[in-house]
Amino acid sequence: MDKTITCIIVDDEPLARKVLTKYASQMDNLEVVAVCSNAVEAFCHLQKGNIDLVFLDIKMPKINGLELLESLNPVPLVVFTTAYREFAVKAFELDAIDYLLKPISLGRFMKTIAKVNKFLTGNHVVGMVEGQLQPKDPISKLNPEPRLLYIKSQRKTVKLDLSEILYLESLNDKVTIHTSDGEIQTTQRIGSLEEKLPKTKFLRIHRSFIIALDKITAFNTIMTEVNGKELPIGRNYRSHVMTILQDNPL
């Protein structure tokens with residue numbers, strides 16, 4: 001059975017507090033120790049320690065959720081709960097474990113708790129140092145992921161280090177591979193190249209684009225930014241892309 005998670009709910013909206021409290025009461029291992037209507041009240045509870053998780057609204061009077069989080073040391077696990085999408089990048093810069101958009105469904109809430117359980121039981125994290133989650137090495141020593149990609153380009157086979165790839169762009173009958181050193185064109189199809197790329201490091205965001213996850217500098221629901229260039233997220237890819245990006249904060 002998962003360990004008991006102590007949490008507090010911080011939101012200036014009574015309805016939001018009520019909904020989160022109701023959802024939390026349906027989780028066997030979640031214990032709500034405080035429900036706060038503002039950041040100052042929450043700060044007082046957090047200074048007492050023994051809080052594993054904070055459900056934190058962003059837009060609140062006087063001190064907003066982002067400012068509260070930046071003031072904490074050590075930092076508990078934080079799930080932002082907000083009606084505003086534009087704060088997502090900043091939230092993940094602050095190592096939020098999840099970002100829930102209002103209105104929040106019970107299913108989405110349960111998914112977040114499952115993620116928190118994995119972190120706290122050590123499936124993904126070995127500890128916290130100065131508030132930063134410390135991930136385990138995800139690469140198996142027995143089955144290491146490929147480091148190289150071989151591309152057919154202009155009657156030659158070009159060897160590419162995966163770490164140099166920024167993104168792949170399909171246009172007409174060619175694919176351009178944008179790297180930190182320049183561009184390489186190939187007539188290989190983007191679908192066949194996608195199959196050769198490790199899914200833990202690359203993501204198809206559009207019928208014409210595959211991006212390197214560690215090269216993303218910003219994103220929202222319609223685009224990702226890589227190396228200063230905004231790349232569109234296709235409508236048919238959006239749900240999957242947002243799930244992956246929210247599970248892999250910047």
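Taking the numbered list (1) surrounded by 17 or more Cβ atoms within 10 Å (Cβ to Cβ); (2) part of a helix (DSSP H, G or I) in turn, THR224 passes all entries but (2).
For the range 51-63, the count of residues that are buried (at least 18 other Cβ atoms within 10 Å of the Cβ) and among the charged types (D, E, K, R) is nonzero.
Pairs linking a residue in the range 151-163 that is over 22 Å from ILE211 (Cβ atoms) to a residue that is open to solvent by 70 Å² or more (accessible area, probe 1.4 Å) and of a type outside the set (Lys, Arg), with Cβ atoms under 8 Å and 6 or more positions apart or on different chains, are GLN154/GLN185; THR157/TYR150. Only one entry of VAL54, VAL35 meets the criterion of being within 20 Å of ILE97 (Cα to Cα), of a type outside the set (Lys, Arg) and in contact with a helix residue (DSSP H, G or I) (Cβ under 6 Å, 6 or more places away or on another chain), and that entry is VAL35. Taken over the range 28-48, the criterion of being open to solvent by less than 30 Å² (accessible area, probe 1.4 Å) and farther than 19 Å from PRO61 by Cβ is satisfied by ASN29, LEU30. A count restricted to the range 62-89 and to residues that are at pLDDT 85 or above, hydrophobic (A, V, I, L, M, F, W, C) and within 18 Å of the chain's Cα centre (by Cα) stands at 7.
Here LYS48 fulfils each of the conditions (1) over 24 Å from ILE244 (Cβ atoms); (2) charged (D, E, K, R); (3) in contact (Cβ under 8 Å) with a residue 24 or more places away in the chain apart from (3).
Selection over the range 8-27 of residues that are over 24 Å from the mean Cα position of the chain (by Cα) and open to solvent by less than 10 Å² (accessible area, probe 1.4 Å) gives a count of 0.
Restricted to strands (runs of 3 or more DSSP E) entirely inside the range 90-163, those with at least 2 residues that are open to solvent by 50 Å² or more (accessible area, probe 1.4 Å) and at pLDDT 70 or above are 148-153, 156-161.
One residue stands out in the range 181-206 among those that are open to solvent by 60 Å² or more (accessible area, probe 1.4 Å) and part of a strand (DSSP E or B): the one that is farthest from ASN227 (Cα to Cα), namely GLN185.
The values are calculated or read from the model by the stated rules, or taken from the named source; none is laboratory data. All figures in this text were calculated on a predicted structure; none of them were measured in a lab. As a convention, Cβ positions derive from the backbone with ideal geometry for all residues, glycine included, and neighbour counts pool all protein chains shown. Accessible surface is based on the protein model in full, side chains and every heavy atom, while ligands, DNA and RNA are left aside. Shrake-Rupley method; radii C 1.70, N 1.55, O 1.52, S 1.80 Å.
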